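Enquirer: One structure follows; several queries about it will come next.
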Amino acid sequence: MDNKLLFAVTALFNSPEEILHAVREVRLAGYTKYDVNTPYPLHGMDGAMKLKPSTLSYVALVLGLTGTFSALFFMWWVSAVNYPLVIGGKPYFSLPAFIPITFEVTVLLASIGTVVAMLFIYFKLPNNSYPLHDTEYMRSVSSDKFGIVILAKDPLFDEDKVVSLFKDLRSGNITSVYYETEEINVRHTVFEPKFLSFMAATFIFTAALTYFSLNYILYWQPFNWMWFQNRVDAQSKSTYFSDGFGMRMPVEGSVARGFIPYPYRGDQASASKYLVNPLVASKEVLIKGQDKFNTFCSPCHGYFGKGDSRLRGQFPAPPSLQSEKVRNYKDGDIYHIITVGQNIMPSYEKQITREERWAIIHYIRALQRSQNAKESDVK
Ligand code: HEC
């Protein structure tokens, strides 16, 4: 014991009241390098020790701000300096679009950085040894005793005085704790072969367990029960039907719920006779008709319906929609042609809703009128 270096003197108490009292006395005696260990958090302990709030929150603040500014800086550099791209006509550096990533990086750096700072700055990793570890004192305070330690590095420290102070406070158990010789010599016990092998073993065990559960256990009963179900998946085979297909065609004549089939297929005369444009040629309807006409019809029929296709001969040029014939068509005729197509012109039933078809027809009428204006139109 003689040549050992003193680390601290510890004292144990039996109740929260005693330890709170002891702490106050120790503080009033002028000691600053002391600590308290209790089996559970004690109300009023922070006040009794006059603890300042942890500085960890400042670390989090600094790291968070670092995240904010580095994310913003990097996005600014990428999208405004190094590789400027106009996206949707927005400015290169358009802050609102960068907020989500800025937020994410802020939170990421603050959270991970705070944990790392806690481990390495506050807990002093990779040094994980502490003279109080494995002492009778630690065993007691993690069970049913309340302990206080005054460290030898306290400027006022004097072993005899501290012991007599603890005696005055009526502690039943006062111990001096010494550094283990190896703790003085070996600083980074994390790098001990024993510890490293333990970490490696833990790593291999966890990895193996994960591999095993994901690749084997999940395929065992009962974990795989949901997998096998009495149903036919899309594209799968079926032994039930003679043709072996799991997917079936709907029964002939079935109609989708809420859908009325087009009744004049192959009968343009009836379409012409019975169909009436249900829309009023309002401004909105015409704008919608123009939009859909330019998208779906103008590539072949031209922006004014004159038959001036933009497809450069890749598709036979269609007849003009300004012709006498089409001008005399009833709305129902054009609706019919959009719906079922005509000769090589394909059907647009799938691409254009019914309402949009009627809007297109209003727009075609407007186009026709614009190219064939009568004097009465001007008045
Ligand atoms: C892929 C090119 C193409 C597109 C797109 C196209 N059409 Fe046609 N359209 C044609 C062709 C070709 C004909 C002539 C078909 C024929 O030989 O009878 C035609 C014929 C017509 C006719 C009949 C004209 C007539 O004189 O018989 C109308 C009306 C018509 N299209 C309207 C439309 C409308 C409205 C759209 C947009 C929804 C549209 N077309 C989209 C190629 C197209």
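Please treat every number below as a calculation from the coordinates, not as lab data. Fair warning: this is a prediction, and the values are worked out from it, not measured in the lab. With ideal geometry, Cβ positions are generated from the backbone for all residues, glycine too; neighbour counts draw on all protein chains shown.
Enquirer: Provide the FRET efficiency to the nearest 0.05 for the residue 344-residue 108 pair, computing r from the beta carbons and using R0 = 45 Å.
Expert: 0.20
Enquirer: Still on this structure, please answer the following. Using the crude model of +1 on Lys and Arg Cβ and -1 on Asp and Glu Cβ, and no other charge, please compute the dipole size for segment 268-374 relative to its Cα centre, in debye to 20.
Expert: 200 debye
Enquirer: For residue 28 and residue 373 in one chain, what is 0.36 nm times their gap in residues minus the Cα-Cα distance, to one decimal in nm?
Expert: Once the chain is fully extended between residue 28 and residue 373, it gains 113.8 nm.
Enquirer: Mind checking the full-extension length gain between residue 122 and residue 138? Use 0.36 nm per residue of separation minus the Cα-Cα distance, one decimal, nm.
Expert: Net length gain for the segment: 3.8 nm.
Enquirer: Using Cα centres only, tell me the gap between segment 4-26 and segment 273-330 in whole Å.
Expert: Cα centroid to Cα centroid, the span is 94 Å.
Enquirer: Then there is this: Please give the contour-minus-distance gain from residue 170 to residue 73: 0.36 nm per residue of separation, less the Cα-Cα distance, rounded to one decimal in nm.
Expert: 28.8 nm
Enquirer: Just to be sure I understand: with springs between alpha-carbon atoms less than 10 Å apart, which residue in 76, 358, 220 has the highest mean-square fluctuation in the Gaussian network model of the chain?
Expert: 358
Enquirer: Can you compute 3J(HN,Hα) from phi for each residue in segment 263-278, using the Karplus curve 6.51 cos²θ - 1.76 cosθ + 1.60 with θ = phi - 60°, rounded to whole Hz and x for Gly and Pro?
Expert: These are the phi-based 3J(HN,Hα) values: x, 10, 4, x, 9, 4, 4, 5, 4, 4, 7, 9, 7, 10, 5, x Hz.
Enquirer: Applying the Karplus parametrisation 6.51 cos²θ - 1.76 cosθ + 1.60 with θ = phi - 60° to the phi angles of segment 219-232, what ³J(HN,Hα) value in whole Hz is obtained for each residue in order, glycine and proline being reported as x?
Expert: Each residue of segment 219-232 in turn: 9, 8, 5, x, 5, 9, 4, 5, 5, 9, 10, 7, 7, 9 Hz.
Enquirer: As I understand it, the value is the acute angle between the Cα axis of helix 354-371 and the longest principal axis of the Cα atoms of the chain; what does it come to in degrees, rounded to 10?
Expert: 50 degrees
Enquirer: Quick one: 43, 21, 301, fewest Cβ neighbours within 10 Å first, how do they rank?
Expert: So the residues, fewest neighbours to most, are 43, 21, 301.
Enquirer: Please report, in debye to the nearest 20, how large the charge dipole of the chain is about its Cα centre when each Lys and Arg carries +1 at its beta carbon and each Asp and Glu carries -1 there.
Expert: That gives the chain a dipole magnitude of about 2420 debye.
Enquirer: Continuing with the same structure: How high is the FRET efficiency between residue 221 and residue 306 when r is their beta carbon distance and R₀ equals 56 Å, given to the nearest 0.05?
Expert: Step by step, r from the Cβ atoms, then E = 0.20.
Enquirer: To continue, here is another question. Under the rule of at least 5 residues apart or a separate chain, name every residue whose amide H is placed under 5 Å from the amide H of residue 173.
Expert: Under 5 Å from the amide H of residue 173 lie the amide H atoms of 12, each far enough along the sequence or on another chain.
Enquirer: Based on alpha-carbon centroids, what's the gap between segment 129-162 and segment 233-260 in Å, whole number please?
Expert: Segment 129-162 and segment 233-260 have Cα centres separated by 79 Å.
Enquirer: What lysines sit close enough to residue 330 to cross-link, taking a C-alpha to C-alpha distance under 24 Å and skipping anything fewer than 8 places away on the same chain?
Expert: Within the straight-line cut-off, residue 330 pairs with 273, 283, 288, 292, 306, 350, 374.
Enquirer: About the Cα centre, and with charges only on the beta carbon of Lys, Arg (+1) and Asp, Glu (-1), how big is the dipole of segment 262-308? Nearest 20 debye, please.
Expert: 80 debye
Enquirer: Within 10 Å, count the other beta carbons around each residue, average over each peptide in 107-113, 329-335, and list them highest first.
Expert: So the peptides 107-113, 329-335, ranked by packing, come out 329-335, 107-113.
Enquirer: In degrees between 0 and 90, to the nearest 10, how far off the longest principal axis of the chain does helix 159-168 point, with axes built from Cα atoms?
Expert: With rounding to tens, the tilt is 80 degrees.
Enquirer: Under a 5 Å amide H to amide H cut-off, with H placed in plane at 1.01 Å, what residues pair with residue 306 once short-range neighbours are removed?
Expert: So residue 306 has HN proximity to 321.
Enquirer: So for the chain, taking the charge dipole from beta-carbon charges (+1 Lys/Arg, -1 Asp/Glu), which of 250, 73, 63 sits furthest toward the positive end?
Expert: Farthest along the dipole direction, towards plus: 250.
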